[in-house]
Amino acid sequence: MLAIVLVGTLLVCGGSVPVLPALLKRVTTIAYAIKAGQEQPGWRGGRIPYSWGGGHDEVPGPSFGTCTGYRGSIRPCPATTTRGLDCSGLVRWVYSLAYGGDVLGPGNTDDHIRRLSRIPASAARPGDLVFYGRLGDRVKTHHVGVYVGDGKMINALRTGTRIRIDPITTVKDFAGYFRYM
């Protein structure tokens, strides 16, 4: 019955049911829940630590990371013994939970940004993603977070931290706002 109502609404409204705001709200709600350490599929609960390469197993969610490419200040590299998330692992998991599937897929920030559309700052909404790095002929990004409004993001910042809220100005090289469409 619900499917009939949704299809009917889509036809009457010319296909313009406000699905996007609901999805972005869901993204934001999930990101806040993860930041607060609430139980989620694949996580029993508790604050999630940063782990370089964490979140990149076959199924999105916290995982052990890798020390390949690690340049963090904590030595020795703790990623292979820390179950957690890095920045792209976090947004991959959040979007997977919100959209009901692994829409961003495996890979790093460069891989994820290619699956998204850039939007102007004036159109940015909580639930969009904020990327950092260089765009152009050669995309070279180095960080991503979930925009939550008021110039802030939920992100996995670096080794030694947990999922947290930071101003979007915390990371250098702001590249813009991006949305999954």
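Read-outs: derived from the displayed coordinates by stated rules, not from any lab. No experiment lies behind these values; they were computed from the predicted model shown. All Cβ positions, glycine included, derive from the backbone under ideal geometry; neighbour counts span all protein chains shown.
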query = Short version: ³J(HN,Hα) in whole Hz for each residue of segment 115-122, in order, from phi by Karplus 6.51 cos²θ - 1.76 cosθ + 1.60 (θ = phi - 60°), x for Gly and Pro, what are they?
reply = 9, 10, 10, 6, 10, x, 4, 5
message = How big is the dipole moment of the chain about its Cα centre under a simple scheme where the beta carbon of each Lys and Arg is +1, that of each Asp and Glu is -1, and everything else is neutral? Debye, nearest 20, please.
response = 400
query = Using the Karplus equation 6.51 cos²θ - 1.76 cosθ + 1.60 (θ = phi - 60°), what ³J(HN,Hα) coupling, rounded to whole Hz, does each residue of segment 105-111 give in order, writing x for Gly and Pro?
reply = x, x, x, 9, 4, 5, 5
query = Check Arg162: other-chain or 5+ apart residues with amide H under 5 Å from its amide H, H built from backbone geometry?
reply = Tyr50
request  = Taking the chain as the reference, fit the longest principal axis to its C-alpha atoms, fit the long axis of helix 87-99 to the helix C-alpha atoms, and give the angle between the two in degrees, 0 to 90, nearest 10.
outcome  = 30
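Where a ≥ b ≥ c are the square roots of the eigenvalues of the C-alpha gyration tensor, would you call segment 18-179 rounded, which needs a/c under 1.5, or, failing that, prolate if a/b is larger than b/c, or oblate?
Oblate, since a/c reaches 1.5 and b/c is not below a/b.
What is the sum of charges, Lys and Arg at +1 and Asp and Glu at -1, for the other residues whose Cβ falls under 12 Å from the Cβ of Met181?
Taking every Cβ under 12 Å from that of Met181, the sum is +2.
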Cut-off 14 Å between beta-carbons: net charge of the residues surrounding Gly61, Lys and Arg +1, Asp and Glu -1 = -2
task = For each pair in Lys35/Lys140; Lys152/Lys172; Lys25/Lys140, compute the distance between the two Cα atoms and list the pairs where it is over 24 Å.
result = Lys35/Lys140; Lys25/Lys140
note = Given a Förster distance of 25 Å, the FRET efficiency implied by the Cβ-Cβ spacing of Thr80 and Thr29, rounded to the nearest 0.05, works out to 0.20
note = Amide H contacts under 5 Å for Ala175, restricted to residues at least 5 apart in sequence or on another chain and with H modeled in the peptide plane, are Phe131, Tyr132, Gly133
